[in-house]
Amino acid sequence: MPKCTINGVELEVKEGTTIIQAMYDNHQKIAHYCWHPGLSIAGVCRLCMVEIEGNPRLQIACNTVVTEGMKVNNNSPKVKEAVKWGLDFHLINHPLDCPICDQAGECGLQEQYMEFGQYNSEMAEAKTKKHKVVDLGPTVVLDSERCVLCSRCVRFTDEVSKTNELGIFNRGDHAEIGTHAGKELNNKYSLNTVDICPVGALTSKDFRFRQRVWYLKDSEAVCNGCSTGCNVKVYFNKEGVFRVKPKRNDAINGHWMCDDGRNIYKFVNKENRQLKGMKLANGQWTVDLHAGSVAKDAAQVLKAASSDDTALVLTGQHTVEEYESIVSAFVNQFKTKNVYHWWNSEKTASDFDGLLIRGDKNPNTKGLQTVLAKHGVQTQWSQLESALNSGKIKNLVVVGPENVGVYNDLAEKQNLFAKAHNFIFLTAAKADVLKENKSFKNVFVIPTKTFVEKAGTFVNHAGVAQQFKKVTTIVSEALTVSEAATLLVGQDIKVDIVADQDLFNAENKRADQVALDHRKKNEFIFQRGRL
Amino acid sequence: MSEVKYLTEFYHLPEFKTLDGYKKNGGYKELEKALKMQPQAIIDEVKNSGLRGRGGAGFSTGMKWGFLPKNNEPRYLLCNADEGEPGTFKDRMMMERAPHQLVEGMIISGFAIGSKKSYIYVRGEYDASIASLETAIQEAYKAGYLGQNILGSGFDHDMDVYRGAGAYICGEETGMISSLEGSKGQPKLKPPFPAVQGYLKKPTIVNNVETLAAVKYVMRDGAQGYRKYGTEKSAGTKLFSLSGNVVKPGNYEVPLAYPLKDMIFNLGGGIKNGKKLKAVIPGGSSAPVLTADEAMKATLDYECMAQMGTMLGSGAIIVIDDSKCMVECLANLTHFYHHESCGQCTPCREGTGWVDKITHSILSGKGRMQDIELLLKVADNMKGKTICALSDAAALPVISFVTKFRDEFEYFVREGKSKVKGTAYKGHSHAQMHH
């Protein structure tokens, strides 16, 4: 464990740690473009210059390993001058198109210019012309003139996605990023290249030109796209959510997330949501009802029902806390253990692509299973099917999926649910499709919140419980499943989830909780623009 | 003092190219001798001979070999024959006239460092060198100097020629290794150094053609015998490629510490067309230029060159007479480095282009007075900031040209035309030149 002094601070680091890693881990600022903690070392941007006592030449921090007694600084005038020039070399051929560049506000060049630059450019010659608006594939667009050739994206496709689509072609100041002949940047992780691009060279087709980043706030969440439970940052404003990016968590997703996960913001926004309650009675749909009043009407129905003819269906898309409320409501108040698990991807649940994507397209299957087991619920889906077909179940409460895109069996299940006399449907997704199915008798649609609109816990495939906070409100009238359960029962439900030792024992706690806390304080150079 | 025919003793004989002719003139005798020695003894002999790398950096060859890990890991010997430094053409002559000399030197070196496989990375344009080496290697295989159990010694060694594609950067040792591995010819980050982790991530030694050929002579005459020529720190002889405005350009072998003045005026026959000497680039285009006064005092050895703020480099002496415009000469060099930068490190990728553009804008009569200072500033910040030395190689001529011939640059900016020629640059515009 060598000890060193960096900018006057004494540090003890692991054997083999580079200077930049040591600085990064200890929240010290150092300019860099090509280095990324999740990729190999390229050493090409030459910005992370440091002065090492006893060495007349400046060294790059990313390829210099800390040795015992090393004294390092990156704040001497010599280093600052070198970084200023390093930055200037990056900027001389860079177009001054910040006003129309999507990266503006979260651009590495802008950040460094404010830190080290703030001079007038001495470049009087014509800038080098390169290709613009290069279509790299279905998700990403390249502007070569903005590119600083840090090679992060190339290394990402080589080392992480292992798809090798990208390369640097030509040499010198006419070198450009591009795809190899006959290939396009088309893989399940392609948008990570946009995240790690320190400048506006790679932009996301989905996000570009839709919002200036300084009009967005960000908050942390857990992706609900599959059972991996990647930690994400959700970027939003009062108009809704605009994008999702990965948030580093070495115990779960490292630095990355998949492209499918980035689409989860889409079902969260108003246009795809059930905004109000609605009801079907006597063959007539009544829409634009208050969510709470629909829930109270449904409560009347359940009050009149008996425990034998009532059933509850849950999907793995909600929080442990919500499961706990609604399951205990059924078990304790309605005295029924007719609780069923609607699992769209049971057959593929164990699939894994080796990096992040898992076959179980629910974030909290483990959490649901744990809550059901805790309440002694042991049911099979086929039991529900026969009970509905035989007419034994008359009152059915279904807590539907949020991310309906991954539920291919929606239409099929609808026909099954229509067999119940009273169908109480808790849904975040727009439920207008129910109106077209004429076999429904009495329907109560209660809008619910999505994962960004509530606090809670998801338990991922490995049993890691990840708590998250509310990000924002999209549909103000929507209820959490817990709130809806309270209204359905007509009284408060006593839930003691925090004390549940099975779920929140020490081993299951998020392994990087400590690391996460310090990352929050870490004002490293690519801190994103805030409102 | 005159020329010394040490390595080049039999270069005038056409038969020296063939195995028979080579053997008739002492060929492969040293290999037989070396195979009976302990490898470490050969390394020590090379170390004691004071032989320094002839490719440009001038690093002690024996010491370089000593950096190899002392284990049984497979290791490679690479011969750097990607002779790309402008002004240099000595390796080409050696490979064309005496391919067996290199092959023998390489087998001895391979034996010394315990390498069973070597490659000769030859510059792509050198058709004749490649043909000559390939023939020589085939002959050596047939004669049992290459392959399994060489001369019954139990030592196996295979050798191949690899043809480059004429990229200057592939003459940088790690750039060459990248190219040999099939990747884009771009230098690699150091550390790790090639001696520890080089070709295919195995320990690798990269030596210049002339260096490896000289190993044979260290074997023949012993360390002390080799030191007969040259000085304590610059031992032996060296081939110099003399070009530019001299009467008799060509390759000359002289002992190190030979006076540059004699090289130009005796061996080279003086300046052509009765012109006067103005400047000399002493060690290939990367070496800072010397003024005529400096050149008259200089001796061709590592110490004197370092003392004069320049370097011996690859031994390419480019003579410039007083009818040449130094702005134009510099523009020629900046164009070269702009074209050859691999583009990996930002200061070099952008800096080579920037100094080239500034130089050409001065040359076209559109320069600004502050451009002269700017050239110096940009070049200064390209130095010592990159993975390999190409950036330094591009910066040093800029600094030396502008500093030593500042009046010519200032005149060009002020008057919009060359002080020497009286005209502005009439070639293509800068943009057309490059794209």
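The values are calculated or read from the model by the stated rules, or taken from the named source; none is laboratory data. Since the model is a prediction, treat every value here as computed from it, not as a measurement. Positions of Cβ are generated from backbone atoms using ideal geometry, with glycine treated the same way; all protein chains shown enter the neighbour counts.
Listed here are the residues, each with its yes/no results for (1) over 25 Å from residue A:104 (Cα atoms); (2) of a type in the set (Ser, Thr, Tyr); (3) touching a Cys at 6+ places or on another chain (Cβ under 8 Å); (4) not in a loop (DSSP other than H, G, I, E, B).
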{"position": "A:149", "(1), (2), (3), (4)": "no, no, no, no"}
{"position": "A:153", "(1), (2), (3), (4)": "no, no, yes, yes"}
{"position": "A:156", "(1), (2), (3), (4)": "no, no, no, yes"}
{"position": "A:163", "(1), (2), (3), (4)": "yes, yes, no, no"}
{"position": "A:168", "(1), (2), (3), (4)": "no, no, no, yes"}
{"position": "A:173", "(1), (2), (3), (4)": "no, no, no, yes"}
{"position": "A:181", "(1), (2), (3), (4)": "yes, no, no, no"}
{"position": "A:189", "(1), (2), (3), (4)": "no, yes, yes, no"}
{"position": "A:193", "(1), (2), (3), (4)": "no, yes, yes, yes"}
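Name the residue that is nearest to residue A:178 (Cα to Cα), counting only residues in region A:118-139 that are polar (S, T, N, Q) and in contact (Cβ under 8 Å) with a residue 40 or more places away in the chain.
Restricting to residues being polar (S, T, N, Q) and in contact (Cβ under 8 Å) with a residue 40 or more places away in the chain, the top hit is A:139.
Output the number of residues of region A:442-460 satisfying the condition of being assigned to a loop (DSSP other than H, G, I, E, B) and modelled with pLDDT under 95.
Residues in region A:442-460 being assigned to a loop (DSSP other than H, G, I, E, B) and modelled with pLDDT under 95: 3 in total.
Go through region A:66-117 residue by residue and tally those that are touching a residue at least 40 places away in the same chain (Cβ under 8 Å), of a type in the set (Gly, Ala, Ser) and exposed (fewer than 15 other Cβ atoms within 10 Å of the Cβ).
Of the residues in that region, 1 qualify.
Looking only at residues in region B:332-388 that are basic (Lys, Arg) and either within 9 Å of chain A (Cβ to nearest Cβ) or under 25 Å from the mean Cα position of the chain (by Cα) (or both), which one is nearest to residue B:170 (Cα to Cα)?
Among residues in region B:332-388 that are basic (Lys, Arg) and either within 9 Å of chain A (Cβ to nearest Cβ) or under 25 Å from the mean Cα position of the chain (by Cα) (or both), the one nearest to residue B:170 (Cα to Cα) is B:349.
Tell me, which helices (runs of 4 or more DSSP H) lie completely within region B:78-194 with 2 or more residues that are more than 30 Å from residue B:349 (Cβ to Cβ) and either more than 14 Å from chain A (Cβ to nearest Cβ) or touching a strand residue (DSSP E or B) at 6+ places or on another chain (Cβ under 6 Å) (or both)?
B:90-97, B:99-113, B:127-142
Within 13 Å of chain B (Cβ to nearest Cβ) and at positive phi, is that true of residue A:16?
It is true that residue A:16 is within 13 Å of chain B (Cβ to nearest Cβ) and at positive phi.
Please go through region A:171-200 and pick out each residue that is without any contact (Cβ under 8 Å) to a residue 60 or more places away in the chain and within 14 Å of chain B (Cβ to nearest Cβ).
A:171, A:172, A:174, A:175, A:176, A:177, A:178, A:180
Of all residues in region A:241-288, how many are modelled with pLDDT of 95 or more, part of a strand (DSSP E or B) and surrounded by 15 or more Cβ atoms within 10 Å (Cβ to Cβ)?
11
If you go through region B:314-331 one residue at a time, do you hit one that is out of contact with any Cys (no Cβ under 8 Å at 6 or more places or on another chain), closer than 24 Å to residue A:94 by Cβ and touching a residue at least 24 places away in the same chain (Cβ under 8 Å)?
No: zero hits.
Residue under question is residue B:73, and the condition is that it be within 23 Å of residue B:313 (Cα to Cα) and out of contact with any Cys (no Cβ under 8 Å at 6 or more places or on another chain); does it hold?
So residue B:73 fails the test.
Looking only at region B:239-252, decide whether some residue is part of a helix (DSSP H, G or I) and either buried (at least 18 other Cβ atoms within 10 Å of the Cβ) or without any contact (Cβ under 8 Å) to a residue 24 or more places away in the chain (or both).
Within region B:239-252 (the criterion being part of a helix (DSSP H, G or I) and either buried (at least 18 other Cβ atoms within 10 Å of the Cβ) or without any contact (Cβ under 8 Å) to a residue 24 or more places away in the chain (or both)), the answer is no, since none of the residues qualifies.
Would you say residue B:303 is among the charged types (D, E, K, R), under 16 Å from residue B:411 (Cα atoms) and either part of a helix (DSSP H, G or I) or within 14 Å of chain A (Cβ to nearest Cβ) (or both)?
no
This table checks each residue for (1) among the hydroxyl-bearing types (Ser, Thr, Tyr); (2) over 30 Å from residue A:282 (Cβ atoms); (3) under 17 Å from the mean Cα position of the chain (by Cα); (4) surrounded by fewer than 15 Cβ atoms within 10 Å (Cβ to Cβ).
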{"position": "A:431", "(1), (2), (3), (4)": "no, no, no, no"}
{"position": "A:442", "(1), (2), (3), (4)": "no, no, no, no"}
{"position": "A:455", "(1), (2), (3), (4)": "no, yes, yes, yes"}
{"position": "A:471", "(1), (2), (3), (4)": "no, yes, yes, no"}
{"position": "A:479", "(1), (2), (3), (4)": "no, no, no, no"}
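So residue B:1 ticks every box in (1) assigned to a strand (DSSP E or B); (2) at pLDDT below 95 but one. Which box is left unticked?
Unmet for residue B:1, out of (1) assigned to a strand (DSSP E or B); (2) at pLDDT below 95: (1).
The conditions are (1) away from every other protein chain (no Cβ under 14 Å); (2) modelled with pLDDT under 95, and residue A:207 fails exactly one of them. Which is it?
Result: residue A:207 passes all but (2).
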